[in-house]
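The block underneath contains the structure these notes are about, expressed in structure tokens.
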Amino acid sequence: MKPVIFAGSSNLPLAKNIATSLELSLGKAEITRFADSECRVRILEDVEEKDVFIIQSLANPVDENLMEFLLLGDAAKRGDPRRITAVVPYHGYARQDRIHRTGESLSAHVVAKLIESVHYDRLITVELHNESILGFFEIPVFHISGFTPFKPLVTQIKGDIVVVTPDAGALKRSQKFAESIDAPLALIEKKRDLDTPHKIVSMKVVGDIKDKTAIIFDDVIVTGGTLVNAAYLLKEKGAKQVIAAATHADFVGGVDKILKDAPIDKIWVTDTIYIPSDKKFSKLEIVPIAPFIASEMKKMIR
């Protein structure tokens with residue numbers, strides 16, 4: 001029996017591209033929003049004894065998209081499918097993977113338990129903020145690397161390249177990327193203000209970046225503050241060119257304007273999160289993630 005693919009509303013273009021890559025169409029589902037903001041979901045396909053995939057990026061508005069995703073899973077489960085696979089290109093709450101201060105919740109763990117509570121059998125996701133999150137799940141998780149889509153772009157760069165990790169937390173991720181393209185690694189040491197979200201107190205470069213193309217690799221761009229500060233610092237220290245590569249473009253506020261005006265030569269992102277046309281700009285290059293997700297899904301289709 002052919003599998004059935006359903007999509008939430010957070011990133012329909014990506015879901016359609018994934019389905020097309022698998023030579024399938026999206027299954028029919030009805031998603032209704034009431035005046036009081038409640039969501040109602042109804043599956044309009046026969047899923048009995050079939051493999052079901054539900055695609056939803058848990059991007060802004062995160063809570064709204066998360067609830068929609070949970071209800072889709074519950075609705076599909078009630079149709080008695082053989083198995084339900086959650087396909088979460090961007091895993092919201094992944095950055096809340098540890099407790100920094102007394103009294104905080106471990107939000108990434110809570111979301112993992114919510115996903116399991118509606119009986120998803122397994123999860124496919126892309127470039128988690130920290131792979132330790134995998135331990136929060138009891139169901140199998142298939143983690144797709146977020147830097148693989150950028151490797152063909154690297155081959156087009158002339159001259160010396162250095163991969164720059166934007167902070168110590170991204171060191172492991174950046175090391176893997178640097179190894180995959182056979183490039184050295186530099187580190188930006190930064191100190192954050194734990195009481196003020198996205199605020200950085202100080203930054204410095206560790207490593208040789210002079211006269212090289214510096215590729216800042218990270219999992220996500222949100223406010224752009226880290227990238228902009230890093231770009232100024234790298235250019236000041238002699239970098240020939242600065243490229244920002246981030247798997248997820250979780251743009252908020254006027255980040256497109258901030259990045260456009262920053263001393264960053266190119267910005268590479270994937271389309272795990274839908275980017276509206278008014279958030280796009282000339283420096284921005286969007287690399288399709290659908291082939292990589294479809295490839296992982298294809299292994300699961302019998």
Normalise the Cα radius of gyration of the range 210-302 by 2.2 N^0.38 Å (N = residues in it) and let me know the number. 1.22
For helix 107-117, report the angle its Cα long axis makes with the longest principal axis of the Cα atoms of the chain; keep it between 0 and 90° and round to the nearest 10°. 20 degrees
What angle do you read, to the nearest 10 degrees and between 0 and 90, between the alpha-carbon axis of helix 12-21 and the longest principal axis of the chain? 80 degrees
Can you give the direction-averaged projected area of the convex hull of the alpha-carbon atoms in the range 148-270, in nm²? 6.9 nm²
For the pair LYS2 and ARG82, how long in nm is the line joining their label points, each one 7 Å along Cα→Cβ? 1.5 nm
Based only on Cα atoms, what Rg/Rh ratio does the range 1-95 have, Rh being taken as Kirkwood's radius? 0.95
How do LEU44, LEU284 line up, fewest other C-beta atoms within 10 Å first? LEU44, LEU284
When you have a sec, figure out the Kirkwood radius of the range 70-200 from all distinct Cα pair distances and drop it here in Å to one decimal? 17.2 Å
Partners for LYS113 among lysines (Cα-Cα distance below 22 Å; same-chain residues under 8 apart left out): LYS77
The chain - charge dipole about Cα centre, Lys and Arg +1 at Cβ, Asp and Glu -1, debye rounded to 20: 660 debye
Report, to the nearest 10°, how far helix 62-77 tilts away from the longest principal axis of the Cα atoms in the chain, using its own Cα long axis and a range of 0 to 90°. 30 degrees
For the range 259-302, Kirkwood radius (reciprocal of mean inverse C-alpha pair distance, Å): 12.4 Å
Semi-axes (Å, rounded, descending) of the ellipsoid equivalent to the chain per its C-alpha gyration tensor are 35, 21, 18
Test of understanding: given the chain, find the longest segment containing no GluC sites (Glu not before Pro) that are in a DSSP loop and have at most 13 other Cβ atoms within 10 Å. 139-302
For the range 216-230, 3J(HN,Hα) per residue [Karplus equation, 6.51 cos²θ - 1.76 cosθ + 1.60, θ = phi - 60°, Hz, x = Gly/Pro]: 7, 10, 8, 7, 8, 10, 10, 8, x, x, 4, 5, 4, 4, 5
Relative contact order for the chain: what percent, with Cα pairs under 8 Å and sequence separation of 6 or more? 14 percent
Using only Cα atoms, locate the centre of the range 70-118 and the centre of the range 9-55, then give the distance between them in Å, rounded to an integer. 17 Å
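Laboratory data are not the source of any read-out in this text; all were calculated from the coordinates shown. Just so it is clear, the structure is predicted and the values come from calculations on it, not from any experiment. Because the Cβ atoms are built from the backbone with ideal geometry, glycine has one as well, and the counts that use them run over all protein chains shown.
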